[in-house]
1. Leaving out same-chain residues fewer than 8 places away, which lysines sit with a Cα under 17 Å from that of LYS71?
2. Taking the solvent-accessible surface of protein heavy atoms with a 1.4 Å probe, what is the per residue accessible area of the chain in Å²?
3. Pull up the cross-link candidates among the aspartates and glutamates for LYS69, meaning alpha carbon to alpha carbon under 13 Å and not fewer than 8 places away within one chain.
4. Within the accessible area of region 55-104, what % is carbon and sulfur when the probe is 1.4 Å and the other protein chains stay in place?
5. Can you return the aspartates and glutamates within cross-link range of LYS16? Criterion is Cα-Cα under 16 Å, with same-chain partners fewer than 8 residues away left out.
6. DSSP loop (so not H, G, I, E, B), at most 15 other Cβ within 10 Å: list which chymotrypsin sites (Phe, Trp or Tyr not before Pro) in region 1-79 pass both filters.
7. Summing -39500 (n - 2.57) over the DSSP H runs of n ≥ 4 in the chain and dividing by its residue number, what mean residue ellipticity at 222 nm do you reach, to the nearest 500 deg cm²/dmol?
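The values are calculated or read from the model by the stated rules, or taken from the named source; none is laboratory data. Remember, predicted model here, so these are calculated numbers, not experimental data. Every residue, glycine among them, receives a Cβ derived from its backbone with ideal geometry; neighbour counts consider all protein chains shown. Ligands, DNA and RNA are excluded from the accessible area calculation, which covers all protein heavy atoms including side chains. Shrake-Rupley method; radii C 1.70, N 1.55, O 1.52, S 1.80 Å.
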Amino acid sequence: MKIAIRYFSRTGHMEKMAAVVSEVTGVKAETIDVPVTEDTDILFFGTAVYMAGIDDKVKSYIASLDSHKVKNVVCFSSSAILTSSYPQVRKLLEKRNITVDDREFHCRGQFKVLHRGRPNQDDLDALKKFVKEIIE
């Protein structure tokens, strides 16, 4: 199974979470600055919600994905207030005819004093478990 990991992180939360996905899969996590150029069975895609939306760079990245190369996307995210970036990301990916797994991982992310210290070790352990379930 060919796996790729891409993420966008303003605060470091997604980078921390992508490192966990990388540890479990043995695949290098890369930012969205790196295109997916090979056929990929699973793209683990991490982004957060900023000001109730996903960043324009994420939207541009999704628009650049080749539906012939990416077979399935599994989302992981964090946010302080909204439940996840999943609905917004899914809508954009489906417009590109890219399959999005119904399963997603989401945890709280720290924003100023809200959810201080998140994602924490419990969140990262839950992410490890989630990734293992996806790839097994």
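1. Within the straight-line limit of under 17 Å, LYS71 reaches these lysines: LYS2, LYS91, LYS95.
2. In whole numbers, the chain has 53 Å² accessible per residue.
3. GLU38, ASP39, ASP41
4. So the carbon and sulfur contribution to the accessible surface is 49 percent.
5. Within the straight-line limit of under 16 Å, LYS16 reaches these aspartates and glutamates: GLU30, ASP122, ASP123, ASP125.
6. When the chymotrypsin sites (Phe, Trp or Tyr not before Pro) of region 1-79 are filtered for loop state and at most 15 Cβ neighbours within 10 Å, nothing remains.
7. Computed mean residue ellipticity for the chain: -10500 deg cm²/dmol.
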